[in-house]
Amino acid sequence: MVFRITLVLLLGLCLGFGKTYVAKIVEFKGRVDVIRKGSFKGIPVKDLKEKVLYVGDLLRTKSDGYAKLIFRDGSVVEVYKNSRLRIKHYVFRRRGGKVKARRVELKESVGSVLYKVERLKVRSFKVRTNTAIIGVKGTQFLVVSTPLLTKVGVYEGEVEVVQVETKRKIILQEGKEAIVPPTSPITVREFKAKLKERKKEGEEEKEEKEKEGLSPEVETSLSKEVIKREKEIEVKKEETLKGSTKEEEEGGLNPKESGEEEEYKGSKVKINIRLP
C-alpha cells in the first residue's frame, strides 16, 4: 500500500514538473495580467517569476497595456490595449530539423491583436472570434474584434475567413480587409493600414497618444449599432414579404445590400486603428 501511494505521488510530481509552456512573454508595458487555466484571478505579468503561457491561459491587457508573445513554432503575436487572448489548443512537434505537426487555436474575444505566423504547408494556425474563424498557413494579419463584429486586415500572404453562424467562407488576399458581422454578408475592401515597427522606449508615450485603439466605450457603441442594424434588416425583410408599399420599400434598407459597405458606414470610423 505504501509503495503504491509513493508511486502515485512520484508520477504526479513528474507530470507537474513536465508541463511545457507554449509561448513566452518577451515584452510588455502597462497593465497586463494572466489568468491561468482553471483560475479566475488575474496575475500581473510583472509579478510572474517565469513570464510564460500554457494551454488554457488567458492574457488580458488593460487600457494602457501591451504584450508581445513568441510561440514555440516561431510565430509572433502582439496584443494591444483592451484585449483578451486565450490559448485554446497548441501542438508543435519537430523532428530532425523538420516540422512534423503544428495545430494552434487562439481565441480573441475582444480587442486588437497582430499575428505574424510562421509559414507552413497547412492551415494549422487558427484564430477564433465571436463572429469569425481565421485560418492561415503563414502570414501577417491584424484582427480587431468586438462581441458582435470582427475586422480582419492582411499585411502579407492570405487568410481564410469563415463566418461562424452562416459558414460563409472567403479567401482574403494581401492588402484587403474583411468586416464580419454575425449573419449579414461579409464586406471586403482595401486595407490601408501600414505595418510599422514599435518605437523605442522613449517614444512610446507619444506613440500611444497617436494610436487609436478600441476603448470600452467604442466597443459598447459599436455593438449597439450592429445590433440595431441587424434588427433593421430583419424588420425590412418582413415588410417586403408582407407586401409593403413602394414608398416604404424606398425608404428602408434593400435586403440584398444590407451587408454591403454602406451598412457599416457608421462603424468604420470607430473601429479603424493605427498600428504602432
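Highest mean packing comes first when the peptides 126-133, 113-120 are listed by Cβ atoms within 10 Å, giving 126-133, 113-120. Close amide H partners of THR150, meaning residues 5 or more places away or on another chain with modelled amide H under 5 Å apart, are VAL180. Scalar couplings 3J(HN,Hα) for the stretch 140-145, obtained by applying the Karplus form with A = 6.51, B = -1.76, C = 1.60 to θ = phi - 60°, are 10, 8, 10, 10, 10, 10 Hz; x denotes Gly and Pro.
Remark on ALA132: its backbone amide H falls under 5 Å from those of VAL164, a criterion applied only to residues 5 or more positions apart or on other chains, H modelled at 1.01 Å from N. Applying the criteria of a DSSP loop state and at most 16 other Cβ atoms within 10 Å to the GluC sites (Glu not before Pro) of the stretch 131-175 yields GLU165, GLU174. For the Cα trace of the stretch 20-206, dividing Rg by the Kirkwood Rh returns an Rg/Rh value of 0.96.
Past the 25 Å Cα-Cα mark, which pairs from LYS41/LYS116; LYS126/LYS169; LYS51/LYS100; LYS88/LYS194?
LYS41/LYS116; LYS51/LYS100; LYS88/LYS194
Checking every one of the GluC sites (Glu not before Pro) in the stretch 44-112 against DSSP loop status and a limit of 13 other Cβ atoms within 10 Å picks out GLU50. A cut-off under 11 angstrom between Cβ atoms defines the neighbours of ARG128, and their net charge, with Lys, Arg +1 and Asp, Glu -1, is +2. Distant-in-sequence amide contacts of ALA23, defined by a placed amide H-H separation under 5 Å and a gap of 5 or more residues or a different chain, comprise LEU53.
Bear in mind that the values in this text are calculations on the coordinates, not laboratory data. Just so it is clear, the model here is predicted, and its values are computed rather than measured. For neighbour counting, all protein chains shown are included, and Cβ atoms are generated from backbone atoms with ideal geometry for every residue, glycine included.
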